[in-house]
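Notes follow the structure.
Values quoted throughout were computed directly from the atomic coordinates according to the rules given, and no laboratory measurement underlies them. Fair warning: this is a prediction, and the values are worked out from it, not measured in the lab. Using ideal geometry, Cβ is built from the backbone for each residue, glycine included, and neighbour counts are taken over all protein chains shown.
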Amino acid sequence: MITSNTSLQAISAELIQNYTLLERALFLQCGDCVIQLQSNSFPLLDELAHYFRHISIAPTAADMSVIAIDCPDPVLAYPFQDWPREAGKKGRKDVFYDIEGGRLIRKFRTGMVFLQSETYRVAAGPCLANPNQVINFINNQHMNWLQQHNWLICHAAAVVCNNKAYAIAAFSGGGKSTFMLRLMDNENINFLSNDRLFIRDENGVEAEGIAKLPRINPGTIVTNPRLQGLIPEKSREQFLALPQQQLWDLEQKYDVDIENIYGEGRIAGAKPLQAFIVLNWQHGSEESCQVTKIDLNKRRDLLAPIMKSSGPFYQDKTGHFLTKNAALNEQNYLSILSKVSVYEVSGKVDFAALQSYFQQNISAEAE
């Protein structure tokens, strides 16, 4: 039983318990950051090695180490607080408790527990049953590293075309993943990010993603022939029978293995950011799909789908964590995005029309 007034080292030891770490470890090249992963579970390491195969490297000096202990739910005696959900999200998800130099975070649904600090980074609980949460925890370390090195987090998908990055943001259910994956039908367009994109302005605006593969809903799958193998034919027919709005609102996640579906070498690294596309269209609109170049300083309403909270795992350079009601700084986004082209997409949802416009106009602008 963990009690109050316990040191980070003691909490780390309590989460690891008497489990033995394997000699085998994974080393991941996350941009300019190297992360080492250790565990007590061979099956977990195998699953993570497959997921991160495109960034796995030979053992080397690491910038940070993560430990994942597969075990029953840890028993904790802390007065956890709820971390508020984002707008449009319902139900409890994360609870947290701050300690000197660190933060404990528990996933309400799965019982997984995470110790986040600059010295100890531990995931404990049913890891093998919830590998996606371990993947997210690893990616959170890279996300922290990026933000500590002046990158700004955006809620956006992104592709790379002709060595330029193109970001796609949308209001809830707006189809940013659907559009991103449709663009990738062009073999010259590669994947950069599905949901977390980082930008910074140092000798030009750059964009970088994290090693998180797309997790998409049925509405994205059933309308894309390349993705239809992700669900059985009978399920696809049931989804297609739903009213359009109900289909697009349906939350039921499926993983997209980019290299398996689109081919090896289709995952890109950091690239110069050429344009930001904001999907502000509507299902059921009678207006034709329109694409308009805008000035975000005059359309601050379109910052909402772009800006993203750093979340409960974020720890800044000084060791301080984000508070649960911290406000986002619009000026940080405006300062960077004023240096790239920004497009608003309005009218009715028409992926084919937008795809054609992107190829003929937006990507052509960089040539």
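For Ser7 and Glu47 in the same chain, what is the full-extension length gain: residue separation times 0.36 nm, less their Cα-Cα distance, in nm?
Working: separation 40, 0.36 × 40 = 14.40 nm, distance 3.18 nm.
Value of the extension gain: 11.2 nm.
Between Lys317 and Glu23, what is 0.36 nm times their sequence separation minus the Cα-Cα distance? Round to one decimal in nm.
On the way: separation 294, 0.36 × 294 = 105.84 nm, distance 3.08 nm.
Using 0.36 nm per residue and subtracting the Cα-Cα distance, I get 102.8 nm.
Read phi for every residue in the range 352-363 and hand back ³J(HN,Hα) as whole Hz from Karplus 6.51 cos²θ - 1.76 cosθ + 1.60, θ = phi - 60°, with x for Gly and Pro.
5, 5, 5, 4, 5, 5, 4, 5, 8, 10, 5, 6
Using Cα springs under 10 Å in a Gaussian network model of the chain, which residue among Val349, Val256, Val75 shows the largest mean-square fluctuation?
For the chain, modelled as a Gaussian network with Cα springs under 10 Å, the answer is Val75.
Just the Cα atoms of the range 41-90, one point each, no solvent: what log10 I(q)/I(0) does Debye give at q = 0.14, 0.19, 0.28 Å⁻¹?
-0.73, -0.93, -1.14
Full-extension gain between Gln360 and Ala326, please, as 0.36 nm times their residue separation minus the C-alpha to C-alpha distance. Show your work: numbers first, answer last.
Details: separation 34, 0.36 × 34 = 12.24 nm, distance 4.06 nm.
This chain segment gains 8.2 nm when fully extended.
If I model a spin label as a point 7 Å beyond the Cα along the Cα-Cβ vector, how far apart are those points for Asn162 and Gln238 in nm?
So the label points at Asn162 and Gln238 sit 4.5 nm apart.
In deg cm²/dmol and to the nearest 500, what is the mean residue ellipticity at 222 nm of the chain if only DSSP H runs of at least 4 residues count, each as -39500 (n - 2.57), divided by the residue total? Could you put the intermediate results ahead of the total?
Details: 10 runs with 83 residues, N = 367.
Computed mean residue ellipticity for the chain: -6000 deg cm²/dmol.
Binning at 10 Å from 0, report for the range 158-312 what percent of all alpha-carbon pair distances ends up in each bin.
Going out from 0 Å in 10 Å bins, the range 158-312 shows 10, 37, 36, 16, 2, 0 percent.
Which of these, Pro72, Pro126, Pro272, has the largest mean-square fluctuation under a Gaussian network model of the chain (Cα springs below 10 Å)?
Looking only at Pro72, Pro126, Pro272, the biggest GNM fluctuation is shown by Pro72.
Check which residues have an amide H placed less than 5 Å from Arg121's amide H, if you skip close sequence neighbours.
Here Ile67 satisfy the definition.
Hey, what do the phi angles of the range 36-41 turn into as Karplus ³J(HN,Hα) couplings, whole Hz, using 6.51/-1.76/1.60 and θ = phi - 60°, x for Gly and Pro?
9, 10, 10, 7, 9, 10
Taking just the alpha carbons, could you work out the radius of gyration and Dmax for the chain, both in angstroms?
Spelled out, the Cα radius of gyration and Dmax of the chain are 21.0, 63 Å.
Please identify the trypsin sites (Lys or Arg not before Pro) of the range 261-367 that satisfy two criteria: DSSP loop assignment and at most 15 other Cβ atoms within 10 Å. Which are they?
Sites meeting the loop and neighbour criteria: Lys298, Arg299, Lys317, Lys324, Lys339.
For the pair Lys253/His283, report the inter-label distance in nm, with labels modelled 7 Å from Cα in the Cβ direction.
2.0
Which peptide among 240-248, 22-30 comes first, and what is the full order, when sorted by highest mean count of other Cβ atoms within 10 Å?
Values: 240-248: 13.3, 22-30: 16.4.
So the peptides 240-248, 22-30, ranked by packing, come out 22-30, 240-248.
In whole Hz and in residue order, list the ³J(HN,Hα) couplings for the range 314-327 that follow from phi through the Karplus curve 6.51 cos²θ - 1.76 cosθ + 1.60, θ = phi - 60°; x for Gly and Pro.
Taking θ as phi minus 60°, the curve returns 6, 10, 7, 4, 8, x, 7, 9, 5, 7, 6, 10, 5, 7 Hz for the range 314-327.
Counting other Cβ atoms within 10 Å of each Cβ, which GluC sites (Glu not before Pro) in the range 171-215 have at most 13 and sit in a DSSP loop? Mind dumping the intermediate values first?
Values: sites: Glu187, Glu202, Glu206, Glu208; in loops: Glu187, Glu202.
Passing sites in the range 171-215 are Glu187, Glu202.
Which entries in Lys93/Lys348; Lys164/Lys298; Lys271/Lys317; Lys107/Lys176; Lys176/Lys271; Lys253/Lys298 show an alpha-carbon gap greater than 30 Å? Working shown, then result.
Numbers: Lys93/Lys348 33 Å; Lys164/Lys298 26 Å; Lys271/Lys317 25 Å; Lys107/Lys176 26 Å; Lys176/Lys271 19 Å; Lys253/Lys298 36 Å.
Violating the 30 Å limit, Cα to Cα: Lys93/Lys348; Lys253/Lys298.
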